[in-house]
Amino acid sequence: MGHRDYEKAGVSVRWPFGYGLSYTTFACSRLTAAADGVSVTVTNTGKCTGAEVVQLYIAAPQDGLHRPLWELKGFTKVFLQPGESRTVFLSLNERSFAVWQDGWRVPGGRYTAQVGGLSAFIDVVGDAVSVPAWQKGS
């Protein structure tokens, strides 16, 4: 249960995960992604000072392994004046892409990083991880 299952099942929710109220607005731009992390520029586009929690989600290849569509892999809070921009870096490591199968293993493939409605691909070189017998057809 929870936001990951709702998204995978296509169930709409009234308030999505990460939804918050603020007296100002923010925009993200210039997303770049690599296996070691993601960089994005956050701008306060409103008229008030405010704080934004920048959230990094990773989507694994949907290749038979039972995994959520998106997993939260990093976040940071930035405080910005009106019109101010800041570039933030959210670190990733091998465990950011790993699954447990007789130890932590990284399935190779094309992953998608998403921050603030922007997305970028990360090609990860990893192991060929087979679908466990108990997971087939999940």
Backbone HN-Hα couplings from phi across the stretch 22-31 [Karplus 6.51/-1.76/1.60, Hz, Gly and Pro as x] | 8, 8, 9, 10, 9, 9, 10, 8, 6, 7
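Given the Cα atoms of the chain, and with Rh set as the inverse mean 1/r over their pairs in the Kirkwood sense, what is Rg to Rh to two decimals?
Working: Rg = 16.9 Å, Rh = 16.5 Å.
My calculation of the ratio gives 1.03.
Stretched out fully, how many nm does the piece from Val125 to Asp102 gain, at 0.36 nm a residue minus the Cα gap? All intermediate terms of the calculation are to be shown ahead of the outcome.
Values: separation 23, 0.36 × 23 = 8.28 nm, distance 1.90 nm.
So the chain would gain 6.4 nm between Val125 and Asp102.
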Give, in nm to one decimal, the length gained when the segment between Glu71 and Ser22 is fully stretched (0.36 nm per residue of separation minus the Cα-Cα distance).
-> 15.2 nm
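Heavy-atom accessible area per residue, the chain, 1.4 Å probe: how many Å²? Working shown, then result.
Working: 8660 Å² over 138 residues.
The answer is 63 Å² per residue.
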Cα Rg, Dmax, the stretch 65-110, angstrom units = 15.7, 50
Take a quick pass over the chain and tell me how many lysine pairs come in under 30 angstrom between Cα atoms, counting only ones 8 or more apart or on separate chains.
-> 5
Would you check the accessible area of Phe79, probe 1.4 Å, heavy atoms only, in square angstrom rounded to 10?
-> 130
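The values are calculated or read from the model by the stated rules, or taken from the named source; none is laboratory data. Quantities reported herein were computed from a predicted structural model and do not represent experimental measurements. Surface areas here come from the heavy atoms of the whole protein model, side chains and all, with no ligands, DNA or RNA. Shrake-Rupley method; radii C 1.70, N 1.55, O 1.52, S 1.80 Å.
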